[in-house]
Amino acid sequence: MRLQWSFLFFALFLIGTKGQSKSDSLSLNTEVLKVGYTTAPPFVVKEDTVLRGINVWLWKKVAKDLGLEFELLPMDFSDMLDSLESGGIDVSINPLTITSERSKKMEFTHSFYASNSTVAVAEISSFTKLLDFVRAFFNLNFLKGLGILLLIIFLFGLAGWYFERRENPDDFRTGFHGIWDGLWWSAVTLTTVGYGDKAPKTRMGKTVALILMFGGLLFISGLTASIASGLTVNHLTTDPDSFNEFKERAVGSVKNTGTNEFLKSRFFQDLKGYNTVAEGLSALKNNDIEAFMYDEPILKYNIARDSSMSSISILPIKFDVQFYAFGIAKKHPKLEQAISQRILEIIETEEWRLVLNEFKLNEL
């Protein structure tokens with residue numbers, strides 16, 4: 001009798017375990033998941049009615065391997081984030097940047113791609129460059145430097161003529177012609193041209209010349225820097241350290257994105273938000289902004305695919321390294337774990353590298 005009861009309990013245990021195991025295996029696909037997306041080439045690309053891209057391929061493979069049923073819902077980016085936070089959708093397959101603020105509102109799968117933000121600028125025409133060059137000569141710093149230079153030439157030329165006019169009349173004549181001789185000598189000495197056609201002979205004249213020569217070296221150095229600043233103030237540099245140069249300029253990015261929040265935290269004064277990358281690049285092309293900043297692979301893909309954007313180029317400036325992942329609603333922690341595990345397995349395969357190569361992307 002005891003043996004019969006033991007066998008009965010063991011059989012019930014096996015049935016319960018099997019039922020529980022089956023329940024766990026089906027817990028991920030007992031409902032049709034609502035999957036939100038917004039176009040973000042090359043990660044999410046919509047061509048006519050066909051949806052493709054790196055993230056689309058990855059999601060469909062994960063869903064197939066895990067047996068997940070889903071429906072794809074096109075959404076505005078901001079609405080998609082809000083819906084994911086509220087649980088209106090279950091998954092976002094966009095390349096969402098993992099941030100501490102977003103992690104409070106949604107789950108993130110394991111990252112599948114790392115990138116960085118960069119800067120796009122519109123190329124300046126030759127005529128515009130010429131106008132900027134001419135306009136730079138009316139820069140206040142340049143005009144101030146020029147005024148001081150002329151004042152120094154006049155004062156030292158007058159002093160040189162005054163001390164030399166009696167003992168050196170051949171080089172420094174009397175009257176107005178002598179004053180001109182002094183100005184000519186002062187200008188030649190200050191600019192280190194040194195023709196040698198005029199030279200002081202008196203002690204005081206030589207003292208004036210010494211002060212002019214050594215003082216002129218210091219002044220000319222500062223003036224050259226001022227002129228260079230005036231001539232380049234209207235041009236963007238390609239120096240990777242010139243990121244801070246854009247803080248005082250009109251720049252744009254996509255609203256509610258990691259790049260936009262990064263720029264806000266770095267105190268960019270004139271930052272404009274756009275709903276899509278296409279809108280931002282159009283604003284850049286129309287000179288509404290001076291630079292557009294966003295994720296490098298997305299910018300490069302959009303510019304390469306649109307012939308009207310040929311006047312836009314990418315600067316060699318990289319900032320704000322970002323890790324992309326799928327977003328999962330907070331109510332699905334087990335789903336996030338299962339998807340993350342499968343993503344890890346997929347991105348270790350050669351097939352994943354082939355997909356990246358198809359869209360001309362390299363791992364960071």
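The values are calculated or read from the model by the stated rules, or taken from the named source; none is laboratory data. On a predicted model such as this, the values are computed, not experimentally measured, just so you know. With ideal geometry, Cβ positions are generated from the backbone for all residues, glycine too; neighbour counts draw on all protein chains shown. With ligands, DNA and RNA removed, areas are computed over all heavy atoms of the protein, side chains included. Shrake-Rupley method; radii C 1.70, N 1.55, O 1.52, S 1.80 Å.
In the range 340-364, the qualifying residues are those that are open to solvent by 20 Å² or more (accessible area, probe 1.4 Å) and β-branched (Val, Ile, Thr), and the one that is nearest to the chain's Cα centre (by Cα) is ILE347. Applying a threshold of 9 Å to beta carbon distances and a minimum spacing of six or more residues, or different chains, the list of pairs starting in the range 58-86 at a residue that is on the phi > 0 side of the Ramachandran plot and ending at one that is outside any helix (DSSP H, G or I) and surrounded by 15 or more Cβ atoms within 10 Å (Cβ to Cβ) reads GLY67/LEU28; GLY67/ASN29.
Looking at the structure I just gave you, is VAL134 at pLDDT 90 or above and either out of contact with any Leu (no Cβ under 6 Å at 6 or more places or on another chain) or farther than 30 Å from ALA329 by Cα (or both)? Break it down into steps so the answer makes sense when it comes.
Values: at pLDDT 90 or above: no; either out of contact with any Leu (no Cβ under 6 Å at 6 or more places or on another chain) or farther than 30 Å from ALA329 by Cα (or both): yes.
Criteria not met by VAL134.
So, ILE298, is that one of a type outside the set (Ser, Thr, Tyr), more than 15 Å from the chain's Cα centre (by Cα) and either under 27 Å from SER103 (Cα atoms) or at pLDDT below 90 (or both) or not? Please lay out each step first, then the result.
Numbers: of a type outside the set (Ser, Thr, Tyr): yes; more than 15 Å from the chain's Cα centre (by Cα): no; either under 27 Å from SER103 (Cα atoms) or at pLDDT below 90 (or both): yes.
Spelling it out, it is not the case that ILE298 is of a type outside the set (Ser, Thr, Tyr), more than 15 Å from the chain's Cα centre (by Cα) and either under 27 Å from SER103 (Cα atoms) or at pLDDT below 90 (or both).
Just so you know, in the range 261-276 the residues that are under 20 Å from ILE98 (Cβ atoms) and in contact (Cβ under 8 Å) with a residue 40 or more places away in the chain include one that is most open to solvent (accessible area, probe 1.4 Å), and it is GLU261.
Looking at the range 277-295, which of the residues that are under 20 Å from THR38 (Cβ atoms) and within 12 Å of the chain's Cα centre (by Cα) is surrounded by the most Cβ atoms within 10 Å (Cβ to Cβ)? Lay out the reasoning, then the answer.
Narrowing the range 277-295 to residues under 20 Å from THR38 (Cβ atoms): 277-283, 292-295.
Right, trim to within 12 Å of the chain's Cα centre (by Cα) and you get 292-295.
Values: PHE292: 28, MET293: 30, TYR294: 24, ASP295: 25.
Checking each candidate, the answer is MET293.
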